[in-house]
Amino acid sequence: MDNRLDTFLKSVTDYADIQCKKLERTAETQMQKEITAYKKQATENNRINTHREVSKIQSDAALRAAQYESEKRLALASLRNELSDGIFKEAELKIKDFTQSQEYPDFLKKSAERLVQTLGAEIIFYVRPCDMVYGNIFNEVAKNATLCEDENIRFGGIIATDKADTLRADDTLDSRLSAEKKAFFENADFKIF
């Protein structure tokens, strides 16, 4: 009986060993599948997170670049305004000096002659109040001319209309300076990028 019992126990032990090995192989296979699935999921999660982080970094870099460009454009605009203000302040001083020079009455005369050629002898001249002292110049150019003050003329020169006030011509230093400012800003190529 011991022999049978031993054989039975050995057979049960062998069967148990076989079953344990099957379970171990099944568990190993299942574990490998789970590890492979976990690695695949981890790789995908890593790819998604990496893509998200790269996108965030790119977005942040683009935002910083745009802010930098905006700051530089503002600085350039400020510099341009400072430069142009200085240039045109200096121009205004030179115009003021010109209107106080001996050449200014000749300028007014030539301007009045051009305006008479354009608008005719029946003309109304408008000048700064301080330029009314040059009334004789306007009488020499056009005997039937009327001379009026215009306080809106800041720097000097003449605005003229025909008697019917249908045609108007502006030959003021104000309008010339304004045209120069416009041309300056249109032609000044202040670019940063």
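The values are calculated or read from the model by the stated rules, or taken from the named source; none is laboratory data. Bear in mind that the values here come from a model prediction, so they are computed numbers and not experimental data. In this analysis, Cβ positions are derived from the backbone assuming ideal geometry, glycine residues included, and neighbour counts consider all displayed protein chains. These accessible areas exclude ligands, DNA and RNA; they are computed on the full protein's heavy atoms, side chains included. Shrake-Rupley method; radii C 1.70, N 1.55, O 1.52, S 1.80 Å.
Annotations for the structure displayed:
- Breaking point among (1) in contact with a Leu (Cβ under 8 Å, 6 or more places away or on another chain); (2) open to solvent by less than 20 Å² (accessible area, probe 1.4 Å); (3) in contact (Cβ under 8 Å) with a residue 24 or more places away in the chain, for GLY135: (3)
- Qualifying residue in the range 159-176 (condition: crowded, with 17+ Cβ neighbours inside 10 Å and among the basic types (Lys, Arg)): no
- Every condition in (1) open to solvent by 70 Å² or more (accessible area, probe 1.4 Å); (2) of a type outside the set (Asp, Glu); (3) under 27 Å from ASP162 (Cα atoms); (4) not in a loop (DSSP other than H, G, I, E, B) is met by ASN144 except one, and the failing one is (4).
- Test: residue in the range 57-69 that is touching a residue at least 60 places away in the same chain (Cβ under 8 Å) and part of a helix (DSSP H, G or I): yes
- Flag if PHE155 is out of contact with any Ser or Thr (no Cβ under 6 Å at 6 or more places or on another chain), under 28 Å from LEU93 (Cα atoms) and in contact (Cβ under 8 Å) with a residue 60 or more places away in the chain: yes
- The one condition in (1) open to solvent by less than 90 Å² (accessible area, probe 1.4 Å); (2) among the hydrophobic types (A, V, I, L, M, F, W, C); (3) modelled with pLDDT under 90 that PHE155 fails to fulfil: (3)
- Residue within the range 64-71 that is among the aromatic types (Phe, Trp, Tyr), over 30 Å from ALA188 (Cβ atoms) and surrounded by 10 or more Cβ atoms within 10 Å (Cβ to Cβ) present: no
- Restricting SER84, SER111 to residues that are at pLDDT below 85, under 22 Å from SER175 (Cβ atoms) and outside any strand (DSSP E or B) narrows the list to SER84.
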